[in-house]
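To start, the structure itself, in structure tokens.
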């Protein structure tokens, strides 16, 4: 925002709305007189799907600041993004601010002086078709999520875990894709095959070769087998013995002749400049960044003015950008580095409103990565380097190469063996001088690049054969999705939009549907249950083609080709073409939750997903009517790794819960280590009362029942959880007794007279003195710490240097409290603190997004807000406070028309950033320009103010 303010001058006041200022109300915010119409969804489905909006509680201060600016201005410029979300934010700003001065719509795609000034001079009217598309998407997602998610809560999850489950038109389809890939891996049958590899030598040169044919028959390769381990064509499959015998015969021959030599020229063209999707993919492959992290870094680069807008479907470059890229390529790599005519990349986006220009370095002259090192942090510089290289390479010449394939013939004890080898030599590197696109993980040996160099050869040449070795291979299943490959697959299927891919992946990770193993996305058994329910009872809603068609329909609404209300009625109530969401939900029939959460592993073993996670249900084949035995599953065991053989290993493993460690010498009770539902623990057993048996009959003699006014409660055995550093297999009796005796009394504080104890808690080891607790560094300190050491810890400030090493990030002192600002990891996630005020980092932001300025502003906002008021049922029920801030959809329809008459032309690009928040709070100028989500205000005292509202989707 500071840059925008500088480009526009003192006549403008630039403020930020920091994203959406209002959204659909939650159920508790619906006034009593609106409950009948809006109470279920905050949408009146019987009145043209009229939405009920409410101003976000966290945005009341922002709204007040914007209203102040609008009141003193003589013109308002709305400079939000040009896509659906940006247009909707601009419309919501008009609805809430209700400016009485002229309103114009400006848009820019890079934060440079020329771009900002050009946007202010060239404005357009608000595009209500885009607003309708965004509102349709928001209503659609609310209806989908609030109708389908409760079914998941009832049938898949319950208690704490069930409350976190959710369904959504895009997240459910993405989860299904990850689960389907795992199913393919589970059904995969590996096939084994053997071949022979050798080294061919000519004079001082050598190269690797592989046996390709024996007696004219081609040898099997991994691609010759299907996923069930069956051959797809007629090839020769060598056994291990055959391969070894053949290798021995070839080694004995020791010589081969060149029987064929073939050379083919080829060319490679550069890839198009980055779109949002391809940037996320390459950042994942080359920079190991998650989609969310990549977008966060790109956002910062955009806000700092280094790149153009990073949410785009377009691969097009402006004429200025093409000229800049070609000139820089020539300057770095010579005249031949660029083709005679500039390259033009076709834009594949159906919605032109969402595709302006590809992601590229900003300005008419690109800054090289080397020249901006001091201005960017590590991740920003790596990202800028990637974008710069891709942009330059996209305008460079094709790479030219020549691939040579040589065939070597060997007489292997009467059998004709033919080896092949390939080598590629680039005769002109072209765009590869600047950039080469990364690759996703491939499967099979056919994907191995053969880029070795071959010596000069001719047919009839004799070569020595060395290092002959027979090698066994097994086919491999399809690789799991990574974030990069999932983004690519979602884009190919038309599910979601590039700007939403990062949030989609974030949701399925947050819900526990998917976990990450390295870069791979591994679905949980919870995801299997969720997907099974959706496939069996909501098949249309998770159908890939149906989900993609929804996106196309939203684009059609954005282009004005379809009407919002008509489309929503068809989706929700049904039509001749589709059943309708309401009809599906109301006619679900009976759902067997037990079967839904079950996966058959073998005839006697079933995996079930219960309240506390997955477990094996094992039936005794000899006593099928007996209660099944439960066997825990290791947390790190992926679904495709739970084969029948692995399940049997878990079943046959010794039960750790029955291992007796010994007797407690103080009371002669047995101490046992167990592996329980919440982890391993030790237990001091309480012996049962002796049972009397009739010696003649062998029957148990029941003791007479005790009578009395009170029922005696049986004593509970002492238990204690194992430390993280301990294991069920290695713990001994002495350690177990120490655990059972916790908390341990360290000593008495000589000043206060209070006892100091050491114990382990939910958040780790700590000391306790009265109500004052202090964390310990290790669990071992619970047993070892002395009174002197404990007193030394209590002598330190509670939030002082003692905890400095645990901070996720540290900054200078806060200007108000004068204390150092730190980012810490807490019970509810990362938070910013100065030791007095704590502020949780909002969803969508990471620790990397927090700068000193952002942290100062977050703390200042929290202080200004004051302590959270205590909520009572009566206050929650009262609608008076929120009614004024809300607008019904019935009002919004008329308002949209009014807004259209008051706005004028431009584009949207600015984005929400932590820096923008800080600047907005300090801005006192007189105009307001919305960078990604904002208004521009003209003040009577000055020429024309611009109110800027930068925001992030």
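The values are calculated or read from the model by the stated rules, or taken from the named source; none is laboratory data. The structure displayed is predicted, hence computed values, not measured ones. A quick note on method: Cβ atoms are made from the backbone with ideal geometry, for glycine too, and the neighbour counts reach across all protein chains shown.
The table below gives the values:
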read-out	value
Test for residue 391: is it in contact with a helix residue (DSSP H, G or I) (Cβ under 7 Å, 6 or more places away or on another chain) and either under 30 Å from residue 220 (Cβ atoms) or buried (at least 19 other Cβ atoms within 10 Å of the Cβ) (or both)	yes
Filter result (at pLDDT 80 or above, out of contact with any helix residue (DSSP H, G or I) (no Cβ under 8 Å at 6 or more places or on another chain) and in a loop (DSSP other than H, G, I, E, B)) within the range 775-816	777, 778, 779, 780, 785, 786
The one condition in (1) in a strand (DSSP E or B); (2) surrounded by 17 or more Cβ atoms within 10 Å (Cβ to Cβ) that residue 759 fails to fulfil	(2)
Criterion (out of contact with any strand residue (DSSP E or B) (no Cβ under 8 Å at 6 or more places or on another chain) and either in contact (Cβ under 8 Å) with a residue 12 or more places away in the chain or outside the structural domain of residue 579 (by TED's automatic domain parsing) (or both)) met by exactly one of 530, 522	530
Qualifying residue in the range 51-58 (condition: in contact with a strand residue (DSSP E or B) (Cβ under 7 Å, 6 or more places away or on another chain), surrounded by fewer than 18 Cβ atoms within 10 Å (Cβ to Cβ) and in a loop (DSSP other than H, G, I, E, B))	yes
Matching residues in the range 282-307 - criterion: being more than 22 Å from residue 374 (Cβ to Cβ) and assigned to a helix (DSSP H, G or I)	282, 283, 284, 285, 286, 291, 292, 293, 294, 295
Boolean, residue 245 is in contact with a helix residue (DSSP H, G or I) (Cβ under 7 Å, 6 or more places away or on another chain), surrounded by 15 or more Cβ atoms within 10 Å (Cβ to Cβ), modelled with pLDDT under 95 and part of a helix (DSSP H, G or I)	no
Any hit, the range 1-22, residues being in a strand (DSSP E or B), within 31 Å of the chain's Cα centre (by Cα) and surrounded by fewer than 24 Cβ atoms within 10 Å (Cβ to Cβ)	yes
In the range 817-835, residue farthest from residue 502 (Cα to Cα) [restricted to those that are assigned to a loop (DSSP other than H, G, I, E, B) and touching a helix residue (DSSP H, G or I) at 6+ places or on another chain (Cβ under 9 Å)]	817
Residue within the range 69-76 that is under 36 Å from the mean Cα position of the chain (by Cα) and either under 24 Å from residue 571 (Cβ atoms) or outside the structural domain of residue 360 (by TED's automatic domain parsing) (or both) present	no
Residue check, residue 69 closer than 30 Å to residue 580 by Cβ and in a helix (DSSP H, G or I)	no
Subset tally (residues that are over 26 Å from residue 313 (Cα atoms), in a helix (DSSP H, G or I) and touching a helix residue (DSSP H, G or I) at 6+ places or on another chain (Cβ under 8 Å)) for the range 540-587	9
Any hit, the range 859-875, residues being more than 26 Å from residue 29 (Cα to Cα), in contact with a strand residue (DSSP E or B) (Cβ under 9 Å, 6 or more places away or on another chain), surrounded by 13 or more Cβ atoms within 10 Å (Cβ to Cβ) and at pLDDT 80 or above	yes
Residue count for the range 402-421, restricted to those that are in a strand (DSSP E or B) and surrounded by fewer than 19 Cβ atoms within 10 Å (Cβ to Cβ)	9
Residue check, residue 661 closer than 18 Å to residue 719 by Cβ and either modelled with pLDDT of 85 or more or touching a helix residue (DSSP H, G or I) at 6+ places or on another chain (Cβ under 7 Å) (or both)	yes
The listed residue being crowded, with 24+ Cβ neighbours inside 10 Å, under 29 Å from the mean Cα position of the chain (by Cα) and farther than 30 Å from residue 301 by Cβ, out of 81, 132, 147	132
Lone qualifier among 139, 103 - being surrounded by 22 or more Cβ atoms within 10 Å (Cβ to Cβ), within 29 Å of the chain's Cα centre (by Cα) and modelled with pLDDT of 90 or more	139
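Residue-wise test of (1) under 25 Å from residue 792 (Cβ atoms); (2) at pLDDT 90 or above; (3) touching a strand residue (DSSP E or B) at 6+ places or on another chain (Cβ under 8 Å).
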{"residue": "709", "(1), (2), (3)": "no, no, no"}
{"residue": "716", "(1), (2), (3)": "no, no, no"}
{"residue": "728", "(1), (2), (3)": "no, no, yes"}
{"residue": "737", "(1), (2), (3)": "no, yes, yes"}
{"residue": "740", "(1), (2), (3)": "no, yes, yes"}
{"residue": "748", "(1), (2), (3)": "yes, yes, yes"}
